[in-house]
Amino acid sequence: MYQYDPHEIEPKWQAIWAEANLDAVDDKSDKPRYYALEMFPYPSGDVHMGHVRNYSIGDVISRYKRMQGFEVLHPIGWDAFGLPAENAAIKQGSTPATWTYANIEKQRASLKRMAFSYDWSRKVITSDVDYYHWGQWIFLKLWEMGLVERRSSPVNWCPDCMTVLANEQVVGDGVCWRCKSIVQRKELEQWFLKITKYAQELLDDLDQLSGWPDRVKQMQANWVGRSTGAEVDFTLCDADGEPTAEQITVFTTRPDTLFGCSFFLLAPEHPLVREFVSDTAYEAEVARVVELAASATAVERSKGEREKNGAFTGRYVINPINSEKVPIWVSDYVMMDYGTGAVMAVPSGDQRDFEFARKYGLAIPPVILATDDPLYEQLKDQRERIVGDVPWLAAYAGDGVMVQSGSFTGQPGGKDSAGAQAVIEQLEAAGKGRPTVNFRLRDWLISRQRYWGNPIPAIYCDACGIVPVPEADLPVVLPMDVDVSKGESLADRPEFYEVKCPQCGAAAHRETDTMDTFTCSSWYYLRYTDPHNDKLPFERATADNWMPVDQYIGGIEHAILHLLYSRFFTKALRDAGLLGFSEPFKNLLTQGMVKLNGETMSKSKGNVVAPEDMIARYGADALRAYILFMAPPDKDLEWSQEGLEGMYRFVNRIWRSVFDLSGEAVVDEEGNLLSVYDKSLGPDDATSRGAELNRELHRVIGKVSSDIERFNFNTAISAIMELANTVQSYIKLPHGLRDDELSTRAARTLVLLLAPFTPHVSDELWQRVLGEQDSVHLQPWPSYDPAQAIASTVELAVQLNGKIKARITVASDADEEEVRREALFAVAEAIGERDVRKVVVVPGKLVSVVV
RNA sequence: GGGAGCGUGGCGGAAUUGGCAUACGCAGUGGACUUAAAAUCCACCGCCGCAAGGAUUGUGGGUUCGAGUCCCACCGCUCCUACCA
């Protein structure tokens, strides 16, 4: 025998598999289909441990499904556009394309070295023109459908990235998701995708996603943020306090509190603010508050508690429910981009309004009272307002009874309460309000003022306005040689932006903004199904055939951004008639992070364990198995070098055991015998150890199968280790005492079960040692007989009043009566004179006796 | 402020529907082999106790013949989200 040497066998088998095209996918296969997908990498440098974990999970699933007889689509590609490439290019004086494609080559080599079973002919790179061409095509399709809009809006601007950001890309305390700079608010004209049209469906369809973690669904639901309530129209008064024909509408989730509205608020950015105060005595103070809001947001945002600032505008509105005149204030805690940018303030029912009222001395009349409130007895029948200020320390936002609320007094109040309903009905009858649903979700801002992205296919013509690039003129090719390191951008390339208007032929100007990279990653999973199509992004029949993805695997950090956008794209493309389904990812597995000493590995912290180094020491097989063994896939994993060494030892042990089982004595390099036979063992030991091994084989096949199905790779591997331990005990038998059929079956089973985890050593043992002709990876997954997995006798614990007092051994098919008798006999002494009140027999587990 | 999740040996973790807590591995201890070391093999290895035995899954209660698992309260940690009206 020769020594296990991963560096010899791993490259060898990779070459053989590539030659045999083992991982190619057959579109025409009549096998059942399975689509396993891992989130494609961003080519930011070398492959890291997070990738190794992500792709090892996907690879085990893919290989397992293939052995189970599925035709498995298991593709890979690169999410190649984006800002890091520009930043790196600036640093290195290179171009984003050079940097990106060099990294892709590096990563590709690493992924191949890990033996992930991708069909490489389906590789998709988003910065390749034959991919982004179809991204532009889809953009035009969405435009046709009315889902694209260019409009002016307050947007998030990252001063370091020099570009706008989507709402989803502003994270934490208002910082850029990528560079962590503080994001500024700017009013700019930008391109939007109208994802809000799908808000309700994006929410509703979460119910279909039974294969998604609840956590992710919850996060998406929160992000879409549906709240039910009403719009209420307040009549605006002119500068003299007289009612006008104009109205200002607010959104509220608590119409039942409308009688408690003692002031009215506008967001600082609200267009009416300037109009109200210009050339009035209020102008200076209001301007101060508006400026404070604009400049202080960044600083204030990082503090948890924010001081509320406001100023009176000098104007009033009329409350439609009681015709009361209330003052309009401007305040920085009102957001322009949620609801209508105007708020009816009810300080007794909303903590923010409460604090604001206290600060500025505004009235806080109680309108909803809990029945145990001291005020309740006094006010329960009170229609007119007699209490103008509550004695409370905080607002009361819970359920209660409406008081001081005219004819509504006495009705139940609270969110979605009967009282709220009644108020809405009265407002509606008066034409002053209506029930409404409000979403937190904003439209998706997709334009970026950056070079390295997919060009937006639009042209500005002085005569025709904004004109889409005709489909026949696609693709709009991104010049690859723009030198961002010298500050160059698309706006410096006349040959790019100087065009003729497609409609009137006049000189026009091409859009030089590019699309958010998340547009590229919102449909790549569809392209994999039909990667070489040069007529369409994908053929509908082909996509429908493979989709939806059976198992998607990736990091939790994409729980909102990428997954929400992809769901939106799928629904929009469905409505365009391009797809026949509504949800792209049937099952989702969010894998945990790989950490070192409790911290995320990162280059800046200098605590990165490089996969390449680990492969160089222990080989890809040990690394793959280790990273799956150390923790369940969805939990964070603490890196341990000793753990990896342990896995390497395990692979070595398998290697020796299979040699021994196949009849070859195991020797080391110097010819010393490593096989240790126990010469004291006789035929009886051979029988009992043989029976045990047979039982274990059946049990472990069943266990590993169900564990892989449930993604419990860690316990699947520990079950294989248990089998290996049983084998270890069996091969203590000298060869003459062994059962050849059993030995061979054990060896084959070990290798087959390990094939998805450790593909190289498995094929080496399968073909070279066990002498099989075809690759282990083309074998059917082993089957088992549950009946043979059970021992003939079983040990039961006997509990007396909940404490284990004895153990009995009975035949595993013994009937309950017999077990009961045995158990009572075993604890007879402990029972003594006491009466047996109850006996519970749990077959195969224990007997519980109560006295 | 709102939402979600998690607490089990020295460590990573296991216990699938309520049924013998600590599987499997790491680390550790002892032994065999060796001139020696490494590798390998064998054995031990949660806590208190010399032992018999006892207590034990963050803490306290509850349901149950039986609770790591279910229910209530509390403590601690993590993640998401946030002036969302």
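Read-outs: derived from the displayed coordinates by stated rules, not from any lab. This is a predicted model, so every value here is computed, not measured. Note that we place each Cβ from the backbone using ideal geometry, even for glycine, and neighbour counts take in every protein chain shown.
Quick look at the values:
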read-out: Residues residue A:46 and residue A:90, FRET efficiency given R0 of 22 Å [Cβ-Cβ distance, rounded to 0.05]; value: 0.60
read-out: Calculated FRET efficiency for the pair residue A:226/residue A:492, C-beta based, R₀ 41 Å, to 0.05; value: 0.35
read-out: Model label zone, residue A:829; criterion: amide N under 14 Å from point 7 Å along Cα-to-beta-carbon; scope the stretch A:796-816; value: A:805-807
read-out: Full-extension gain in nm, residue A:535 to residue A:102, via 0.36 nm per residue minus C-alpha separation; value: 153.0 nm
read-out: Chain A: relative contact order in percent, alpha carbon pairs under 8 Å with at least 6 residues between; value: 14
read-out: Label point distance in nm, residue A:774-residue A:676, each placed 7 Å from Cα along Cα→Cβ; value: 4.0
read-out: Potential extension, residue A:595-residue A:804 segment - 0.36 nm per residue separation minus Cα distance; value: 71.1 nm
read-out: Neighbour net charge for residue A:147 - beta-carbon separation under 15 angstrom, K R +1, D E -1; value: +3
read-out: Low-density loop positions, trypsin sites (Lys or Arg not before Pro), the stretch A:527-632 - DSSP coil, at most 15 other Cβ in 10 Å; value: A:535, A:603, A:605
read-out: For the stretch A:651-717 versus the stretch A:543-586, the gap between their alpha-carbon centres in whole angstrom; value: 44
read-out: Separation of the residue A:370 and residue A:817 label points, Cα + 7 Å toward Cβ, nm; value: 6.2
read-out: Gap separating the Cα centres of the stretch A:784-804 and the stretch A:452-499, nearest whole Å; value: 73
read-out: Total formal charge among the other residues, if their Cβ is under 15 angstrom from that of residue A:589, Lys/Arg +1 and Asp/Glu -1; value: -2
read-out: Residues residue A:471 and residue A:706, FRET efficiency given R0 of 60 Å [Cβ-Cβ distance, rounded to 0.05]; value: 0.75
read-out: Computed [θ] at 222 nm, deg cm²/dmol, chain A (DSSP H ≥ 4; -39,500 (n - 2.57); rounded to nearest 500); value: -11000 deg cm²/dmol
read-out: Chain lengthening between residue A:481 and residue A:684 when straightened (0.36 nm per residue, less Cα-Cα); value: 65.3 nm
read-out: Residues of type lysines that residue A:180 reaches as a straight line, Cα spacing below 27 Å, ignoring anything fewer than 8 places off in the same chain; value: A:91, A:194, A:217, A:303, A:308, A:486, A:595, A:603, A:605, A:635
read-out: Cut-off 20 Å, label 7 Å out along Cα→Cβ of residue A:323, residues of the stretch A:399-415 by amide N; value: A:404-409
read-out: Spacing of the two label points (7 Å from each Cα toward its C-beta) at residue A:29 and residue A:281, in nm; value: 8.2
read-out: Rg/Rg_globular for the stretch A:559-711, with Rg_globular taken as 2.2 N^0.38 Å and Rg from C-alpha atoms; value: 1.58
read-out: Share of pairwise Cα separations in chain A, more than 42 Å, in percent; value: 51
read-out: Cα gyration tensor shape for the stretch A:119-194, rounded if a/c is under 1.5, else prolate or oblate; value: oblate
read-out: Sequence of A:558, A:760 once ranked by neighbouring C-beta atoms within 10 Å, starting from the fewest; value: A:558, A:760
read-out: Within the stretch A:1-66, trypsin sites (Lys or Arg not before Pro) in DSSP loop having at most 12 other beta-carbon neighbours inside 10 Å; value: A:28
read-out: More than 13 Å apart - percent of Cα-Cα pairs taken over the stretch A:551-619; value: 74
read-out: Label zone at residue A:218 (point 7 Å along Cα-to-Cβ), backbone N below 18 Å, the stretch A:614-649; value: A:634-636
read-out: Fewest-first ranking of A:259, A:192, A:234, A:439, using other Cβ atoms within 10 Å as the exposure measure; value: A:439, A:192, A:234, A:259
